[in-house]
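Since every read-out is calculated from the coordinates, none of them should be taken as a lab result. This is a predicted model, so every value here is computed, not measured. Here Cβ is always computed from backbone atoms with ideal geometry, including for glycine, and neighbour counts include all displayed protein chains.
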Amino acid sequence: MARNKILDVLIDPVRCKGCEICVDSCPSGVLEMKEQKAVVVDLPACIGCDLCELRCPDFAVEVVHDKKEE
């Protein structure tokens with residue numbers, strides 16, 4: 001089964017408390033900390049594992065998948 005294309009990784013800067021859990025969870029180095037907030041630095045490297053979203057305790061991360069069938 002093919003994975004859906006990743007359209008975006010959204011970080012809500014209001015909800016993000018800078019805990020770095022999403023950054024540490026990402027196996028592809030998509031996220032980094034800047035000014036005590038998580039930011040997307042390499043979206044094309046995202047493999048769509050959703051670990052950043054699943055592990056964020058503040059619900060500040062959303063991985064947006066393309067829902068079209070391939």
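What the table shows:
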{"item": "Residue match in the stretch 6-19 (condition: in contact (Cβ under 8 Å) with a residue 60 or more places away in the chain and either among the hydrophobic types (A, V, I, L, M, F, W, C) or on the phi > 0 side of the Ramachandran plot (or both))", "result": "yes"}
{"item": "Verdict on Ala45 being touching a Cys at 6+ places or on another chain (Cβ under 8 Å) and small (Gly, Ala, Ser)", "result": "no"}
{"item": "Residue tally, condition within 15 Å of Gly18 (Cβ to Cβ) and not acidic (Asp, Glu), over the stretch 41-70", "result": "7"}
